[in-house]
Amino acid sequence: NRRLVLAAHPKGAPTPQDLRLEEVPVPQPAEGQVLLRTLYLSLDPYMRGLMNVVGPSYAEAVKLGAPMAGGAVSRVAASKHPHFRVGDLVLGNAGWQDYALSDGKDLMPLGDMARPSLALGGLGMPAFTAHYGLLDIGQPQPGETVAVAAATGAVGSVVGQIAKLKGARVVGIAGGADKCKYAVEELGFDVCLDRRDPELAKKLAEACPDGIDVYFENVGGDVFDAVLPLLNNHARVPVCGIIAHYNDKSLPDGPNRLPLAMSTVLQKRVRMEGFIILDHYGERFRRFSREMGEWIATGKVKVREDVVEGLENAPQAFIGLLEGKNFGKLVVKVAD
Ligand code: NDP
């Protein structure tokens, strides 16, 4: 049983030395437990917060020497649980390891899913985040302008495509020409701009002649700075993530621009609302599953996966996620 444990708390960007690959015996399930074989491990930006001494408010930090936490699609390899049989495909929290035990409370049966990795992306947490954040908080109206960064990623790609289905004009921001081309030609965004373009602010203003009505905040940083002056009266800003800052060691130098942000919020009557998707499962997830299942099946929403082979390659892939090296929902294929 191979597993990746947290070897050190990263200082700034994580390095390969912050994670250690260990070999331990395969655990045996006790009465009421199942043994899970990991098939696909999800790599997600929130995991960076779990590596800090103190984790994010909604999740516990991973302790030094403990396996990294994470969602995974697994197959039941042994069962002493009345509701699970050997061979069942489940979504759970196996973490960064070949095998894990579960008491079943965190497991969602997946039945005979043709593409099980979709349970981690297009039919799972990231796409649900997009669906909830955009529709319940962003509430785009036909003809409005929606802007979203990390536009080809697990969340952003779905935000833009749902916004198009709702009749909005969609402006994406993504890392590099290939991603931008994909956002426009494959995902149907109206425009996509390179986040590293030194003229991003100017080009975004040109791309949004009527301002921005919904800014789905995935990244913070330079993109937020470029968006701020373009927000319209009564703009909505679902605050989903600020990945540009996850590796920050301290607050940035320079003038304090909080008053600028706050006066914009005030004068433009902007509604900014942070949300953590864990709070919204239950009935709301079932509505998402129905709608998204149909959109994917009918080709109205496309989902792209970036599949990395082998558990041992998870650390490098995760480090790359925080630099924009992934192209689509990042998953690690651990076993067949
Ligand atoms: P993605 O698949 O979009 O991958 C992350 C992307 O972020 C990269 O590909 C890159 O895209 C972009 N990125 C990386 N580093 C930087 C940087 N320094 N500055 C700007 N952009 C950067 O990840 P997800 O779709 O899973 O997550 C997107 C956001 O949503 C994250 O902020 C995440 O934390 C958040 N999130 C929040 C949830 C919630 O409950 N609130 C739930 C799930 C996700 P590119 O190269 O195109 O710039």
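The values are calculated or read from the model by the stated rules, or taken from the named source; none is laboratory data. All figures in this text were calculated on a predicted structure; none of them were measured in a lab. Please note: Cβ atoms are built from the backbone with ideal geometry, for glycine as well, and neighbour counts cover all protein chains shown. When the accessible area is computed, the model is the full protein with side chains, heavy atoms only, and any ligands, DNA or RNA have been set aside. Shrake-Rupley method; radii C 1.70, N 1.55, O 1.52, S 1.80 Å.
See the values below:
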item: Most fluctuating residue given options Ala177, Ala130, Ala235, as computed from a GNM of the chain linking Cα atoms under 10 Å; result: Ala177
item: Under 23 Å between alpha carbons - lysine pairs in the range 125-278 that sit 8 or more apart or on different chains; result: 11
item: The chain - Cys residues lacking any other Cys C-beta under 4.7 Å; result: Cys208, Cys240
item: Protection-proxy order for peptides 191-200, 51-60, 70-79, each taking the mean of Cβ atoms within 10 Å per residue, highest first; result: 70-79, 191-200, 51-60
item: Per residue, in Å², the accessible surface of the range 123-281 once ligands and nucleic acids are set aside, probe 1.4 Å; result: 46 Å²
item: Cα gyration tensor, the range 125-263 - rounded (a/c under 1.5), prolate or oblate; result: rounded
item: Relative contact order (%) - the chain, alpha-carbon pairs under 8 angstrom, separation at least six; result: 17 percent
item: Potential extension, Glu273-Ser57 segment - 0.36 nm per residue separation minus Cα distance; result: 76.1 nm
item: Reduced Cα scattering model of the chain, Debye log10 I(q)/I(0), q = 0.13 Å⁻¹; result: -0.99
item: At R0 = 51 Å, FRET efficiency that the Cβ-Cβ distance of Leu251 and Thr298 yields, to 0.05; result: 0.65
item: Cα-projected label distance for Ala261 with Asp336, points at 7 Å along beta-carbon direction, nm; result: 4.9 nm
item: Accessible area of the range 125-278 belonging to carbon and sulfur atoms, whole % at 1.4 Å probe; result: 55 percent
item: Exposure of His234 as accessible area (Å², to 10), given a probe of 1.4 Å and all protein chains; result: 110 Å²
item: GluC sites (Glu not before Pro) within the range 230-336: DSSP coil, no more than 14 neighbouring Cβ in 10 Å; result: Glu323
